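Colleague: Have a look at this one.
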Amino acid sequence: MSQVLIFILGVGVGGGAVWFVTRRGLKNADQTAGPASTLIGRQAEEKKRNKEALLGILETQTPLTNNHVEQLLGVSDATATRYLEELEKEGKVRQVGTTGQAVYYEKI
C-alpha cells in the first residue's frame, strides 16, 4: 500500500514540476519573441499589409468600393469598412459619397 502511495505522490510531484517548467518556458518565450510572433503582432502585420495592398490597388483602380475591398482581400464587410476608415483618418484616401452604393474611395 505504501508503494502505491509513493508512486501516486511521485507522479503528482513530477507532473507539477513539468507543468511549472513548461509554463515558465512559455512566459520567457513570449517576453523574448518579436512582436510578429504573438497573435496580436501577426494580426497587426496582416492589417498593415492589407492596408498597403489597398493603397497599391488604388494606384491603378479607382473608384474602390467597400465590396471591392471585401473581394480583393477576402475580408468581412466590417473589416473592409475599418481598413477604409483608417486610411481615410490617416489622410491617404478620401470617401466620395455619403451612403449606400454611391460611396467609393479614391487615393489622395
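We did not get these values from a lab; they are worked out from the coordinates using the rules stated. Remember, it's a predicted structure, so these values are computed and weren't measured experimentally. Note that each Cβ is placed from the backbone with ideal geometry, even for glycine, and that neighbours are counted across all protein chains shown.
Colleague: Apply the Karplus curve 6.51 cos²θ - 1.76 cosθ + 1.60, θ = phi - 60°, to the phi angles in region 40-53 and return the couplings in whole Hz, x for Gly and Pro.
Modeller: Listing the rounded values in order: 5, x, 5, 5, 5, 5, 5, 4, 4, 4, 5, 5, 5, 4 Hz.
Colleague: Tally Lys/Arg at +1 and Asp/Glu at -1 over every other residue whose Cβ is under 13 Å from the Cβ of ILE108; what's the total? Show your work: numbers first, answer last.
Modeller: On the way: positive: LYS89, LYS92, ARG94, LYS107; negative: GLU59, GLU88, GLU90, GLU106.
Computed value for this residue: 0.
Colleague: Suppose R0 equals 25 Å. What FRET efficiency, 1/(1 + (r/R0)^6) with r the Cβ-Cβ distance, do GLU46 and GLU106 give to the nearest 0.05?
Modeller: Details: r = 24 Å, r/R0 = 0.97.
In this case the efficiency is close to 0.55.
Colleague: Is the shape of region 50-108 rounded, prolate or oblate, going by the alpha carbon gyration tensor and its root eigenvalues a ≥ b ≥ c, with a/c under 1.5 for rounded and a/b larger than b/c for prolate? Don't jump to the answer; show the numbers that get you there.
Modeller: Details: a/c = 1.24, a/b = 1.02, b/c = 1.22.
Here region 50-108 falls in the rounded category.
Colleague: Determine, for VAL75, VAL93, the number of other Cβ atoms within 10 Å of each Cβ, and report the residues in order from fewest to most.
Modeller: VAL75, VAL93
Colleague: Next question, about the same structure. Would you pull out the residues with amide H under 5 Å of GLN95's amide H, same chain only if 5 or more places away, H placed 1.01 Å from N?
Modeller: none
Colleague: Follow-up. Can you compute 3J(HN,Hα) from phi for each residue in region 71-83, using the Karplus curve 6.51 cos²θ - 1.76 cosθ + 1.60 with θ = phi - 60°, rounded to whole Hz and x for Gly and Pro?
Modeller: 6, 5, 9, x, 10, 6, 4, 5, 5, 4, 4, 4, 4
Colleague: Moving on. Amide H to amide H, which residues 5 or more places from THR65 or on other chains are under 5 Å from it, using H placed in the peptide plane?
Modeller: Amide H neighbours of THR65: TYR105.
Colleague: Something else: Quick one: order LEU72, LEU39 by neighbouring beta-carbon count within 10 Å, fewest to most. Mind showing how you got there, number by number?
Modeller: Working: LEU72 15, LEU39 7.
Placing the least packed residue first, the sequence is LEU39, LEU72.
Colleague: Let me ask you something else. Do you know the relative contact order of region 38-107, to the nearest whole percent, from alpha carbon pairs under 8 angstrom that are 6+ apart?
Modeller: Numbers: 58 pairs, mean separation 21.3, N = 70.
So the answer I get is 30 percent.
Colleague: Could you please report the charge total around HIS68, scoring K, R as +1 and D, E as -1 over all other residues with beta-carbon less than 13 angstrom from its beta-carbon?
Modeller: Taking every Cβ under 13 Å from that of HIS68, the sum is -3.
Colleague: Further question: Enumerate the calculated ³J(HN,Hα) couplings along region 94-105 in order (Karplus 6.51 cos²θ - 1.76 cosθ + 1.60, θ = phi - 60°), each rounded to whole Hz, writing x wherever the residue is Gly or Pro.
Modeller: Rounded to whole hertz, the list is 9, 8, 10, x, 10, 8, x, 6, 7, 7, 8, 10.
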